[in-house]
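Heads up: the structure comes next, in structure tokens.
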Amino acid sequence: MPISKLLLAVVPALALLPATVRTNRGPAPLRTATLETVVEPPEEPRNTYWCVRHGQSTANVENIISSNPAIGSTKHELTALGKEQAHVAGADLWANLSELEVPLEDVVVYSSNFTRARETAQIAAYEMQRRAQIAAGDWEAPPLLQIGLLSDLRERDFGSLDGLSAGNYDNVWPRDMASPFDGTDGVEPVADVCQRLSNMVDLLEKRHSGKQVILTAHADVIQIFQTWFAGCDVRAFSSYRFANGEVRRCDRAGECLPVPAPMQSQAAAAL
Ligand SMILES: *[C@@H]1O[C@H](CO)[C@@H](O)[C@H](O)[C@H]1NC(C)=O
Ligand SMILES: *[C@@H]1O[C@H](CO)[C@@H](O)[C@H](O)[C@H]1NC(C)=O
């Protein structure tokens, strides 16, 4: 048994540091021995990463967990509100990128292949393109943004909880807070999500340099990405919840992490 897991078994209190009750801005502080086997983030990434959560989907309205790729990539599309949120995400991204004076040539867009993420990426890319054309006064400019699908951006696998009430997150996230290796109910452990996101970043860092990389995906996946990338305690990812259609830059210093909020019950979250 790796020493980190042993420690976790021996000193459970260590694993329950109150990341969720912190109220100050900035990253959760610890990289304790319990996290030794979680893969490290890249030292000096060549690209800038932005995460976007998909807009409201029919699965959100039904308040169910949709994590099976076979179902989630063919069903569970955006609602009318979800499409609006995707347009707003595109407008926010455009505002952010034009503030940085980034031309669309330096933007690349990737998405999970789940329907709700794909549709969000398409609408947000359309919105960025449209705004770039308006800003340039050039309606004949060719579309520059294409969307790459990345399997590593897929929704976290919720195992036997797939298709069940989103209220089940209320049991998963506290277990995640205790250990990034917990796989109860066949749920993909946080450390495994970190590993696939690390593989993805390796690929993107080889493929691109100096780009603004937009990743359109799912709440748990991008929250884990943001905390992991910032070198923070990944167990606390559920304290940094993304709303539908929310856009955030993800930085190595953790300056872009919002104020951590206590875990919110999903039992009654149907919209
Ligand atoms: C999405 O990717 C998964 C693998 O992660 C695959 O099983 C599924 O068929 C893909 N869906 C579509 C619509 O391409
Ligand atoms: C991105 O734009 C939105 C909307 O204008 C703004 O609220 C947000 O602070 C910006 N984020 C960054 C990182 O510039």
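Structure notes:
- Considering PHE225, PHE242, the condition of being in a loop (DSSP other than H, G, I, E, B) and either touching a residue at least 40 places away in the same chain (Cβ under 8 Å) or on the phi > 0 side of the Ramachandran plot (or both) is satisfied by PHE242 alone.
This table checks each residue for (1) within 14 Å of ligand 2 (Cβ to nearest atom); (2) touching a strand residue (DSSP E or B) at 6+ places or on another chain (Cβ under 8 Å).
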{"position": "TRP228", "(1), (2)": "no, no"}
{"position": "VAL234", "(1), (2)": "no, no"}
{"position": "TYR240", "(1), (2)": "no, no"}
{"position": "ASN244", "(1), (2)": "no, yes"}
{"position": "CYS250", "(1), (2)": "yes, yes"}
{"position": "PRO260", "(1), (2)": "no, no"}
{"position": "GLN264", "(1), (2)": "no, no"}
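- Between LEU93, LEU7, LEU81, LEU30, the distinction of being at pLDDT below 95 and in a helix (DSSP H, G or I) belongs to LEU7 only.
- Condition met for TYR110 (closer than 23 Å to LEU197 by Cα, assigned to a helix (DSSP H, G or I), in contact with a helix residue (DSSP H, G or I) (Cβ under 9 Å, 6 or more places away or on another chain) and of a type outside the set (Val, Ile, Thr)): no
- Once region 46-71 is narrowed to residues that are within 16 Å of ligand 1 (Cβ to nearest atom) and over 12 Å from GLU119 (Cβ atoms), the residue that is surrounded by the fewest Cβ atoms within 10 Å (Cβ to Cβ) is ALA70.
- Applying the criterion of being more than 22 Å from HIS218 (Cα to Cα) and acidic (Asp, Glu) to the residues of region 93-132, the residue that is farthest from ligand 2 (Cβ to nearest atom) is GLU105.
- Filtering region 147-157 for residues that are of a type in the set (D, E, K, R), modelled with pLDDT of 95 or more and within 16 Å of ligand 2 (Cβ to nearest atom) leaves an empty set.
The values are calculated or read from the model by the stated rules, or taken from the named source; none is laboratory data. Just so it is clear, the model here is predicted, and its values are computed rather than measured. Backbone-built Cβ (ideal geometry, glycine too); neighbour counts: all protein chains shown.
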